[in-house]
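Notes for the one structure printed next.
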Amino acid sequence: MVLAREVYSATGNFPKQEIFGLVSQMRRASVSIPSNIAEGQGQLTDKGFVLYLSRARGSLYELETKAELAESLGYLAKPELDQVLTECQELGRMLHGLINSMREEKH
């Protein structure tokens, strides 16, 4: 949720022509991460939960890519990019660890 709030804040000053482009895509990806985690928790099996955690990780990678593109286009300042990427990396480590631990429990 922290990352999603940061993305909403960081994209607030993007050019108007990007509202339906990068702004929308980055915001959707950032909201998709906690949404998939929450939805996965409602699954009846660990396998189902891991599937949703993997989707969350995919949205995380998508967000990283789009944030880097936004910075290269001059829409996102380097300090904002660094903050978003730092949060992405931390969340990525947590997701990776949780996915691995749940897969190891099966074996």
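The values are calculated or read from the model by the stated rules, or taken from the named source; none is laboratory data. Quick caveat, the model's predicted, so the values are computed rather than measured. Please note: Cβ atoms are built from the backbone with ideal geometry, for glycine as well, and neighbour counts cover all protein chains shown.
Every residue, every condition in (1) farther than 21 Å from N100 by Cα; (2) surrounded by fewer than 17 Cβ atoms within 10 Å (Cβ to Cβ); (3) modelled with pLDDT under 95; (4) among the aliphatic types (A, V, I, L, M), yes or no:
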position	(1), (2), (3), (4)
T11	yes, no, no, no
F14	yes, no, no, no
Q25	yes, no, no, no
R28	yes, yes, no, no
S32	no, no, no, no
I37	no, no, no, yes
L44	no, yes, yes, yes
field: For A56: the one exception among (1) surrounded by fewer than 18 Cβ atoms within 10 Å (Cβ to Cβ); (2) among the aliphatic types (A, V, I, L, M); (3) modelled with pLDDT of 95 or more; (4) over 22 Å from F20 (Cβ atoms)
entry: (1)
field: Index of the failed condition, Y75 passing every other in (1) within 24 Å of A38 (Cα to Cα); (2) in contact (Cβ under 8 Å) with a residue 24 or more places away in the chain
entry: (1)
field: Single condition F14 does not satisfy, out of (1) in a helix (DSSP H, G or I); (2) in contact (Cβ under 8 Å) with a residue 12 or more places away in the chain
entry: (1)
Residue among K66, K47 that alone is basic (K, R), assigned to a helix (DSSP H, G or I), closer than 15 Å to E6 by Cα and in contact with a helix residue (DSSP H, G or I) (Cβ under 9 Å, 6 or more places away or on another chain): K66
Matching residues, the range 3-22, being farther than 16 Å from L85 by Cα and β-branched (V, I, T): I19
- prompt: Across the range 61-72, which residue is surrounded by the fewest Cβ atoms within 10 Å (Cβ to Cβ) among those that are in contact (Cβ under 8 Å) with a residue 40 or more places away in the chain and not basic (K, R)?
  reply: L69
message: Of everything in the range 73-97, what is of a type in the set (A, V, I, L, M) and surrounded by fewer than 17 Cβ atoms within 10 Å (Cβ to Cβ)? Give them in sequence order.
response: L73, A77, L85, M94
